[in-house]
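Enquirer: Handing you this structure, nothing more for now.
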Amino acid sequence: MSTDTSLASRSHEENWLPILELATVEVFEIMLGCRVKPAAKGEQSPTAEFTAMVGLAGALCGILTFSCSRKAARELAKCMLGPEIADSEEQVSDALGEICNMIAGNFKNKLSSADGACMLSVPTVIKGEEYSFRSLADGENLETVMMFREAPVAVCLQLHS
Amino acid sequence: MNKIRALIVDDSSVMRKIVERSLRQAGIELEKVVEAGNGAEALVAMGKEPVDLVLCDINMPVMDGLEFVKQLSTVEAAKGIPVVMITTEGSENHVVQALSAGARGYIRKPFTPDQVKEHVLPVLGKKS
């Protein structure tokens, strides 16, 4: 992968947003057994009561976040684990962390030039919406809001230039 | 097929449950499932419990999956126990590193039970 061309321009030129959406759709279909689709224009971003994040380092450098409401988070965990074992907040957080991790991995694996030289961090999950975070990734932002059942979930990739 | 004892190594308890479920969905009968949260815990667990198969993540705290496979290859008592990696790290580089270190199979997340069957049965000496 050439590191001479900025990631911001590459993400535009290579149109990475549909790749990020496809990576998300595949994780939901394969691991959760449910479909998601990009939200209609004008659909509001979810209330970020749960935010999972995974760092990317190397040729692709930045952070991928996955956020949703508490209710959606519980539903996602139920899809992954079944209703009987997805009741605790710990399990819900763990499930969201894994979803975020798999979206990040699936996305970078689809960028044929990036997968060999990009590492993922262990996921982190924030509970509650009373927070702000500032990533030092100062490049391109790719963000998509997808509809999981009736609830919006947001996937955002902030890239370091 | 005889029932097997599987060790599942992943820092996510959710993923350990999913891997166990996928093994069962793939028609692999489990006599016992042992869980570990990282490579170091897995080495300790294998010293206490005999297992027939190890399924292991790569990105984990304390000791990652590649280091675990390398260390396991030096343990005489563990020789012949197949290790299959299950990971989001899908690059050829990681596959080569894992197989060179002694892993017998490699499954990329996200995965289906059919993919688990396809990669696990051969290392157990069964047809997929």
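Read the figures in this text as sums done on the coordinates, not as results from a lab. Worth saying up front: this structure is predicted, and the values here are computed from it rather than measured. Note that each Cβ is placed from the backbone with ideal geometry, even for glycine, and that neighbours are counted across all protein chains shown.
Enquirer: Applying the Karplus parametrisation 6.51 cos²θ - 1.76 cosθ + 1.60 with θ = phi - 60° to the phi angles of segment B:112-117, what ³J(HN,Hα) value in whole Hz is obtained for each residue in order, glycine and proline being reported as x?
Expert: Result, rounded to whole Hz: 9, x, 5, 5, 4, 4.
Enquirer: Something else: In square nanometres and to one decimal, what's the mean projected area of the convex hull around the Cα atoms of chain B?
Expert: One quarter of the hull surface, i.e. the mean projection, equals 6.8 nm².
Enquirer: Please give every one of the aspartates and glutamates within straight-line cross-link reach of B:Lys79, meaning a C-alpha to C-alpha distance under 17 Å, and leave out same-chain neighbours fewer than 8 residues apart.
Expert: B:Glu49, B:Asp52, B:Glu67
Enquirer: Sequence-distant or interchain residues sharing an amide H contact under 5 Å with A:Phe148, placed H: which?
Expert: A:Val153
Enquirer: While we're on this one: For segment B:41-88, build the charge dipole from Cβ charges (+1 Lys, Arg; -1 Asp, Glu) around the Cα centre, then report which of B:Val62, B:Ala45, B:Pro82 sits farthest towards its positive end.
Expert: Working it through, the farthest residue towards the positive pole turns out to be B:Pro82.
Enquirer: Moving on. Just flag the GluC sites (Glu not before Pro) in segment B:1-85 sitting in loop per DSSP whose Cβ has no more than 15 other Cβ atoms within 10 Å. Mind dumping the intermediate values first?
Expert: Working: sites: B:Glu20, B:Glu29, B:Glu31, B:Glu35, B:Glu41, B:Glu67, B:Glu76; in loops: B:Glu29.
Those that pass, being in a loop and sparsely packed, are B:Glu29.
Enquirer: For the protein assembly as shown, what log10 I(q)/I(0) values come out of the Debye formula at q = 0.07, 0.08, 0.11, 0.14 1/Å, with one point per alpha carbon and no solvent?
Expert: Rounded to two decimals, the profile gives -0.26, -0.34, -0.64, -1.02.
Enquirer: Structure shown: which of A:Lys78/B:Lys109; A:Lys108/B:Lys117; A:Lys110/B:Lys17; A:Lys78/A:Lys127; B:Lys3/B:Lys48 lie over 21 Å apart, alpha-carbon to alpha-carbon? Could you put the intermediate results ahead of the total?
Expert: Numbers: A:Lys78/B:Lys109 19 Å; A:Lys108/B:Lys117 25 Å; A:Lys110/B:Lys17 26 Å; A:Lys78/A:Lys127 18 Å; B:Lys3/B:Lys48 19 Å.
Over 21 Å Cα-Cα: A:Lys108/B:Lys117; A:Lys110/B:Lys17.
Enquirer: Under a GNM of chain B (C-alpha, springs under 10 Å), which listed residue has the highest mean-square fluctuation: B:Asp57, B:Asp11, B:Asp114?
Expert: B:Asp114
Enquirer: Taking the Cα centroid of segment B:77-114 and of segment A:13-81, what is the distance between the two, rounded to the nearest whole Å?
Expert: Each part reduced to its Cα centre gives a spacing of 25 Å.
Enquirer: Here is a further query. Let me check I've understood the local charge: for B:Gly80, count other residues with C-beta under 12 angstrom from its C-beta, Lys and Arg +1, Asp and Glu -1. What total comes out? Don't skip to the answer; put the middle values down first.
Expert: Working: positive: B:Lys79, B:Arg104; negative: B:Asp52, B:Glu76.
Residues close to B:Gly80 contribute a combined charge of 0.
Enquirer: Quick check: the distance between the Cα centres of segment B:24-64 and segment A:123-161, to the nearest angstrom?
Expert: The two parts, judged by their Cα centres, are 32 Å apart.
Enquirer: Suppose we keep just the DSSP beta bridges with both residues in the protein assembly as shown; what percent of those would be antiparallel, to 5?
Expert: Bridges in the protein assembly as shown that DSSP calls antiparallel: roughly 65 percent.
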